[in-house]
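Take a look at the structure set out below.
Nothing in this text is a laboratory measurement; each read-out follows from the coordinates by a stated rule. A quick note: this is a predicted structure, and the numbers were derived from the prediction, not measured.
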Amino acid sequence: MAATPSNMIPLGTVAGDFALTDAVSGKTMSLSELKSDVATVIVFMCNHCPYVRHIIDQLVQTANDYIPKGVRFVAINSNDAEQYPEDSPEEMKKWAGEKRFPFPYLFDATQEVAKAYGAACTPDFFVFDGNLRLVYRGQFDGSRPGSGVPVTGSDLRAALDCLLEGRPVPADQKPSLGCNIKWKKGA
């Protein structure tokens, strides 16, 4: 399990729109319909990555804590499902149900959205303000599988709290660390 860090694209980058299929509902959803006027969290993740599995319960809790405050969460799986069948839309739907995701879990079959966002690993977090400008990218918190550090979501929560309180999000941000996105051969 080689650990891959986030690319840490420039703050201020504008979120690109997309239209992807939600593995749970089967509906095509776009960023323009999913975004929030407060904050939009986009997390690139998958089912099988031990880094994602390590934080998933706290990610669901964080989403449940912040959705009532007007924050939207969107999860995107860009892994090659042919090479990694546990990340197929059918398996995504199952896992979303088991974990009770309060957010859509979209499948990026072409991997174009991951490329457009500069996503490198799972999990990889991007937080956009009400104008869809990037204000945070990086880690959920400092916990990693086997580290003994409690999973709290503290880094993501701090960024969201700044947005909700009208304060700037500090630019000193730590990259996420996780499994690399499983790119299709030749991608």
query: Does region 35-121 classify as rounded, prolate or oblate by the C-alpha gyration tensor (a ≥ b ≥ c root eigenvalues; a/c under 1.5 gives rounded; else a/b over b/c gives prolate, otherwise oblate)?
result: oblate
- request: Classify region 116-155 as rounded, prolate or oblate, taking a ≥ b ≥ c as the square roots of the eigenvalues of its Cα gyration tensor: rounded when a/c is under 1.5, otherwise prolate if a/b is larger than b/c and oblate if not.
  value: oblate
statement: Candidates Cys46, Cys121, Cys162; GNM for the chain (alpha-carbon contacts under 10 Å) flags as most fluctuating Cys162
query: Projected area of the chain, taken from the Cα convex hull and averaged over every viewing direction, in nm²?
result: 9.7 nm²
